[in-house]
1. How many residues are of a type in the set (Asp, Glu) and crowded, with 17+ Cβ neighbours inside 10 Å if we restrict to region 48-70?
2. Taking only pairs six or more apart or across chains, which ones have beta-carbon atoms under 7 Å, a first residue in region 210-224 that is under 17 Å from ARG248 (Cα atoms), and a second residue that is of a type in the set (Asp, Glu)?
3. When you go through (1) out of contact with any helix residue (DSSP H, G or I) (no Cβ under 9 Å at 6 or more places or on another chain); (2) buried (at least 20 other Cβ atoms within 10 Å of the Cβ) one by one for SER199, which number turns out not to apply?
4. Mind listing whichever residues of region 248-267 are outside any loop (DSSP other than H, G, I, E, B) and either charged (D, E, K, R) or surrounded by fewer than 21 Cβ atoms within 10 Å (Cβ to Cβ) (or both)?
5. Please tell me if SER88 is in contact with a Cys (Cβ under 8 Å, 6 or more places away or on another chain), under 14 Å from SER41 (Cβ atoms), surrounded by 24 or more Cβ atoms within 10 Å (Cβ to Cβ) and of a type outside the set (Phe, Trp, Tyr).
6. Please tell me if GLU279 is touching a Lys or Arg at 6+ places or on another chain (Cβ under 7 Å), without any contact (Cβ under 8 Å) to a residue 60 or more places away in the chain and at negative phi.
7. What are the pairs, 6+ residues apart or on separate chains, where a residue within region 238-267 that is assigned by TED's automatic domain parsing to the domain that holds LEU278 has its Cβ under 7 Å from a residue that is in a helix (DSSP H, G or I) and polar (S, T, N, Q)?
8. If you go through region 282-311, how many residues are touching a strand residue (DSSP E or B) at 6+ places or on another chain (Cβ under 7 Å) and without any contact (Cβ under 8 Å) to a residue 24 or more places away in the chain?
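The values are calculated or read from the model by the stated rules, or taken from the named source; none is laboratory data. Note that the coordinates shown come from a computational prediction; the quantities given were computed from them, not determined experimentally. All Cβ positions, glycine included, derive from the backbone under ideal geometry; neighbour counts span all protein chains shown.
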Amino acid sequence: MEHTYTFSEKKDTRSGFGAGLLELGRKNPEVVALCADLTGSLKMDAFQKEFPERFFQTGIAEANMMGMAAGLTIGGKIPFTGTFANFSTGRVYDQIRQSIAYSGKNVKICASHAGLTLGEDGATHQILEDIGLMKMLPGMVVINPCDYNQTKAATIAIADYDGPVYLRFGRPTVPNFTPADQKFEIGKALHLVEGTDVSIFATGHLVWKALEAQLILHAKGISAEIINIHTIKPLDEEAVLSSIRKTRCAVSAEEHQRHGGLGDSIAQLLARTTPTPLEYVAVNDSFGESGTPDELMLKYGLGTNDIVEAALRAVSRKNA
């Protein structure tokens with residue numbers, strides 16, 4: 001059946017992180033924050049102002065920041081690092097692997113300005129490989145929330161998880177449609193719309209576009225099930241398989257490379273258990289370029305209509 005979600009405002013997900021971090025600071029004295037010269041961009045300034053003794057400005061030295069964060073955990077602190085997604089992963093992968101992931105340090109790697117929606121800063125900053133990089137690290141949790149409210153809830157929730165976490169969010173304002181009082185559960189997918197013809201598994205900014213696509217598909221006589229995969233690792237395998245058993249075809253939608261992202265995680269699961277037609281909505285082995293977020297999302301095949309077309313292809317493959 002058709003299901004319409006509404007939103008009262010658009011907000012950037014990075015501000016959800018900033019609000020969550022400030023709330024955490026007031027609740028948990030062990031929470032500390034580190035930033036690599038991007039305090040305003042990461043919306044960490046409110047935490048810095050209220051808790052200056054628990055905030056560490058490391059400068060443009062991201063590798064050092066990761067080492068410092070790993071060390072702080074030894075004394076029982078819960079460090080949240082903040083910089084752009086490109087600098088949170090690609091620039092410091094060795095430090096994350098060796099100093100954080102290998103020994104299971106309780107570091108929360110918080111990454112803003114991910115994906116094409118970084119916009120005019122261009123390909124050098126628009127990392128589209130970060131989810132793949134981070135999910136391959138043993139023991140690393142990977143979270144990609146969809147709006148302001150969910151990012152705030154995720155930021156608060158990961159402080160209670162003992163182990164390394166990668167939290168990904170962005171710069172653009174997007175519809176804020178999930179509940180303000182939600183309880184975020186790591187590894188638990190959210191069923192947004194029930195459907196019978198095709199399963200659409202979306203993450204991050206693509207969740208809202210999947211909801212828009214569902215309305216278009218409904219008008220075409222296609223019943224789409226929409227599932228918000230906010231936690232890419234650990235993947236909620238039961239939620240995926242339960243939906244697939246009903247619809248028998250699927251679409252994955254993400255602001256990331258096709259290789260190594262959410263779609264690949266779902267494909268691996270289906271190949272092992274229930275071979276199923278799966279269509280990807282993702283960047284197809286390409287770097288980005290400078291442009292507005294909306295222009296880039298359309299050019300690189302991440303728009304609402306791209307999800308619609310992928311769903312129609314999946315349904316046709318199922319029925320072939």
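1. Counting residues in region 48-70 that are of a type in the set (Asp, Glu) and crowded, with 17+ Cβ neighbours inside 10 Å gives 1.
2. Partner pairs satisfying both residue conditions: ILE222/ASP197; SER223/ASP197; ALA224/ASP197.
3. Against the list (1) out of contact with any helix residue (DSSP H, G or I) (no Cβ under 9 Å at 6 or more places or on another chain); (2) buried (at least 20 other Cβ atoms within 10 Å of the Cβ), SER199 comes up short only on (1).
4. Within region 248-267, GLU254, GLU255, ASP264, ALA267 qualify.
5. yes
6. Judged against the criteria, GLU279 is a match.
7. The qualifying pairs are LEU241/THR273; GLU255/THR117.
8. Within region 282-311, residues that are touching a strand residue (DSSP E or B) at 6+ places or on another chain (Cβ under 7 Å) and without any contact (Cβ under 8 Å) to a residue 24 or more places away in the chain number 1.
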